Amino acid sequence: MAKPYNPVQLLLVEDSPGDVRLTMEAFRDANSAVELHVAADGIEAMAFLRNEGKHADAPRPDLILLDLNLPKLDGRDVLALIKEDNFLKAIPTVVLTTSSAKADIVKSYQLHANCFLSKPVELNEFENLVASINEFWLEKARLPQPATSK
């Protein structure tokens, strides 16, 4: 019997259409209650999080999956902006990137990333990683409730 899930707002900040598609499909299999929103670059991510422009009605995400190597505004800069903002900094932000460089790992944690995960190359491993993200962050971890005002 399928386990019921509470609706979850997830922001995926990813510029690779293939990785976006894979992530959407993997979450669809892992947790049908995930409402996955996508920002293709760092500028769009910040507009989504700040409810600016076409994202004026965007929901506050419960979890952010953030790629580091993004156009327009680098993922490291996005992470720094999120963690410096009193309204946004409590949103768990998981770095999900192709990098496994020690410098990227150290910098991400210095910028207060909640977790650093390297994307596996193999499809099955990627699906397992998304299932693990779902199990830990969306089933086991207690996520902060959004503040009532900015």
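When you check S108 against the structure, is it farther than 14 Å from V13 by Cβ and among the hydroxyl-bearing types (S, T, Y), yes or no? So S108 does not fit the description; no. Inside the stretch 96-122, residues that are in contact with a helix residue (DSSP H, G or I) (Cβ under 7 Å, 6 or more places away or on another chain), in contact (Cβ under 8 Å) with a residue 24 or more places away in the chain and more than 30 Å from A56 (Cα to Cα) make up a count of 2.
In the set V8, V20, V34, V78, only one residue is modelled with pLDDT of 95 or more, aliphatic (A, V, I, L, M) and under 14 Å from the mean Cα position of the chain (by Cα); that residue is V78. Taking the criterion of being out of contact with any strand residue (DSSP E or B) (no Cβ under 7 Å at 6 or more places or on another chain) and buried (at least 18 other Cβ atoms within 10 Å of the Cβ), the only residue of the stretch 108-125 that qualifies is L111.
Contact map, the stretch 38-65: first residue at positive phi, second residue surrounded by fewer than 18 Cβ atoms within 10 Å (Cβ to Cβ), Cβ cut-off under 8 Å, separation 6 or more or different chains; pairs are N51/D57; G53/A47. Taken together, the criteria place L81 among residues that are farther than 26 Å from S132 by Cβ, outside any loop (DSSP other than H, G, I, E, B) and either in contact with a Pro (Cβ under 8 Å, 6 or more places away or on another chain) or in contact (Cβ under 8 Å) with a residue 12 or more places away in the chain (or both).
Screening T98 against (1) surrounded by 18 or more Cβ atoms within 10 Å (Cβ to Cβ); (2) more than 25 Å from A33 (Cβ to Cβ); (3) of a type outside the set (D, E, K, R) leaves a single unmet condition, (1). Check whether at least one residue in the stretch 109-128 is modelled with pLDDT under 95, of a type in the set (G, A, S) and part of a loop (DSSP other than H, G, I, E, B), and report yes or no. Looking for residues that are modelled with pLDDT under 95, of a type in the set (G, A, S) and part of a loop (DSSP other than H, G, I, E, B), one finds none in the stretch 109-128, hence no. Among the residues here, R76 does not qualify as assigned to a loop (DSSP other than H, G, I, E, B), surrounded by 14 or more Cβ atoms within 10 Å (Cβ to Cβ) and charged (D, E, K, R). When each of A103, A131 is tested for being of a type in the set (G, A, S), part of a helix (DSSP H, G or I), over 16 Å from the mean Cα position of the chain (by Cα) and surrounded by fewer than 18 Cβ atoms within 10 Å (Cβ to Cβ), the lone residue that passes is A103.
Residue pairs whose Cβ atoms lie under 6 Å apart, separated by 6 or more positions or on different chains, with the first residue in the stretch 1-27 and among the aromatic types (F, W, Y) and open to solvent by 30 Å² or more (accessible area, probe 1.4 Å) and the second at pLDDT below 90 and part of a loop (DSSP other than H, G, I, E, B), are Y5/N31; Y5/A33.
The values are calculated or read from the model by the stated rules, or taken from the named source; none is laboratory data. Not measured: the values here are computed from a predicted model. Note: ideal-geometry Cβ built from the backbone for every residue, glycine included; neighbour counts use all protein chains shown. In case anyone asks, the SASA skips ligands and DNA or RNA and just uses the protein heavy atoms, side chains included. Shrake-Rupley method; radii C 1.70, N 1.55, O 1.52, S 1.80 Å.
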